[in-house]
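Undergrad: So that we are looking at the same thing, I have put the structure below in structure tokens.
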Amino acid sequence: MRIDIVSLFPEFIAQCAGVGVVGRAQERGLLSTHGWNPRDYAAGGYRRVDDRPFGGGPGMVMMIEPLQACLSAARAADEAPAPVIYLSPQGRPLTQAKVRELAALPRLILLCGRYEGVDERLLAAEVDEEISIGDYVLSGGELAAAVVIDAVARLQEGALNDAESAVQDSFEGDGLLDCPHYTHPASHALGEVPAVLRSGDHAAIARWRRQQALGRTWLRRPDLLDEAALSKADRALLEE
Ligand code: SAM
């Protein structure tokens, strides 16, 4: 998969995309990220990319021309079609289901805003979708783009050392939260690892994990239970 990022700070994304699972996905040739700076496509000695808003008011707005030229260069860099996603607090909230959908695409262009945002005409003409990473306002779209890249990278086949781990994650499969995890030592001043996890009884372990996942979803995110694919056995576990 190829991800092009249009940003005034492409080096920020390059740094995030070079480490951990995303870095490994790039090393393994499963993903490539490419930064594009609209300033490189701005006219004049000052390479201006922003201007005052019509109608007055605070802040600056990202101008059409540098962004349009930059987007068109990014698009032309590869022949695979690429939807343009604008990271925006006004977009649809990002979910794991959306991440799965994006991860299956051959290509994606992420547009990061700054200042008060982007001239609305550019958004109407060039953007396929707006995505938000939550109901709060960041100073730029780069962190949001890094979130999308990370979430999408770990779903590329071969990016995780154990593919099973993604399947068991929160929001995956049946839509529940993940169960709690423990590692060595089994006994510690902070507490004991639940005996069932040390029992070697795989059926009992699976049952305990399922019950924990159901229980924490009920406690922490009951809204998820409405959408979750629960069996009769799950409902019985929830009631225990
Ligand atoms: N004036 C805009 C508004 O209230 O909708 C906010 C602009 S914000 C200061 C600058 C940029 O940060 C936005 O253009 C967008 O790219 C990015 N951004 C801010 N919050 C975000 C969020 N929750 N999700 C995704 N991107 C966000």
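Undergrad: Distances over 22 Å make up what percent of all Cα-Cα pairs in the range 96-184?
TA: Working: 1602 of 3916 pairs.
Roughly 41 percent, rounded to a whole number.
Undergrad: Additional query: Quick query: amide H of Leu87 versus all other amide H atoms, modeled in the peptide plane; which residues come in under 5 Å with a sequence gap of 5 or more or a different chain?
TA: Close amide H contacts, sequence-distant or interchain: Leu111, Gly113, Ile131.
Undergrad: Let me ask something additional. Any idea what angle helix 64-76 forms with the longest principal axis of the chain, computed on alpha-carbon atoms, 0 to 90 degrees, nearest 10?
TA: The two axes meet at around 60 degrees.
Undergrad: Using θ = phi - 60° and the Karplus relation 6.51 cos²θ - 1.76 cosθ + 1.60, list the HN-Hα couplings for the range 122-136 in order, rounded to whole Hz, with x at every Gly or Pro.
TA: 5, 4, 5, 8, 10, 9, 8, 7, 10, 10, 10, 9, x, 7, 7
Undergrad: So which residue, out of Val196, Val61, Val84, gets the largest mean-square fluctuation from a GNM of the chain using Cα contacts under 10 Å as springs?
TA: Between Val196, Val61, Val84, it is Val196 that shows the largest mean-square fluctuation.
Undergrad: Calculated FRET efficiency, Arg235 and Arg100, Cβ-Cβ r, R0 35 Å, to nearest 0.05? Don't skip to the answer; put the middle values down first.
TA: Details: r = 26 Å, r/R0 = 0.75.
Step by step, r from the Cβ atoms, then E = 0.85.
Undergrad: Helix 202-220 versus the longest principal axis of the chain: what is the Cα-based angle in degrees, 0 to 90, to the nearest 10?
TA: Compared with the principal axis, the helix lies near 50 degrees.
Undergrad: For Trp36, Trp208, which order do you get if you count the other beta carbons within 10 Å of each Cβ and list the fewest first? Please report the intermediate quantities before stating the final value.
TA: Numbers: Trp36 23, Trp208 19.
So the ranking, lowest neighbour count to highest, is Trp208, Trp36.
Undergrad: What percent do you get for the relative contact order of the range 2-153 when only Cα pairs under 8 Å and 6+ apart count? Provide the component values of the computation, followed by the final result.
TA: Working: 278 pairs, mean separation 46.4, N = 152.
The normalised contact order for the range 2-153 reaches 31 percent.
Undergrad: Whole-Hz Karplus ³J(HN,Hα) for the range 93-101, in order, using 6.51 cos²θ - 1.76 cosθ + 1.60 and θ = phi - 60°, x for Gly and Pro?
TA: x, 5, 10, 5, 5, 5, 4, 4, 4
Undergrad: What is the Cα convex hull volume of the range 139-240 when expressed per residue in Å³?
TA: Numbers: hull volume 18.0 nm³, N = 102.
That works out to 177 Å³ per residue.
Undergrad: In angstroms, what radius of gyration and Dmax does the chain have, counting Cα atoms only?
TA: 22.2, 71
Undergrad: Fewest first, what order do Met60, Met1 take by the number of other Cβ atoms within 10 Å? Write down the numbers at each step before the final one.
TA: Numbers: Met60 15, Met1 21.
Arranged by neighbour count, lowest to highest, Met60, Met1 become Met60, Met1.
Undergrad: Per DSSP helix of 4 or more residues, -39500 (n - 2.57); summed, then divided by the residues of the chain. What does that give at 222 nm, rounded to the nearest 500? Please report the intermediate quantities before stating the final value.
TA: On the way: 10 runs with 93 residues, N = 240.
Here the helix-only value at 222 nm equals -11000 deg cm²/dmol.
Undergrad: From the backbone phi of the range 143-151, what are the Karplus-calculated ³J(HN,Hα) couplings (6.51 cos²θ - 1.76 cosθ + 1.60, θ = phi - 60°) in whole Hz, Gly and Pro given as x?
TA: 4, 5, 5, 5, 4, 4, 4, 4, 5
Undergrad: Would you pull out the residues with amide H under 5 Å of Arg2's amide H, same chain only if 5 or more places away, H placed 1.01 Å from N?
TA: Here the answer is Ser32, Arg107, Leu108, since their amide H atoms fall under 5 Å of that of Arg2.
Undergrad: Which of the GluC sites (Glu not before Pro) found in the range 1-85 are in a DSSP loop and have at most 14 neighbouring Cβ atoms, other than their own, within 10 Å?
TA: Working: sites: Glu11, Glu27, Glu79; in loops: Glu79.
Those satisfying the criteria are Glu79.
Undergrad: Right, next: Tally the DSSP beta bridges in the range 2-153 and give the antiparallel ones as a percent, rounded to 5. Display every interim value, and only then the final one.
TA: Working: 3 of 23 bridges.
Restricted to the range 2-153, the bridges split so that about 15 percent are antiparallel.
Read-outs: derived from the displayed coordinates by stated rules, not from any lab. Remember, predicted model here, so these are calculated numbers, not experimental data. As a convention, Cβ positions derive from the backbone with ideal geometry for all residues, glycine included, and neighbour counts pool all protein chains shown.
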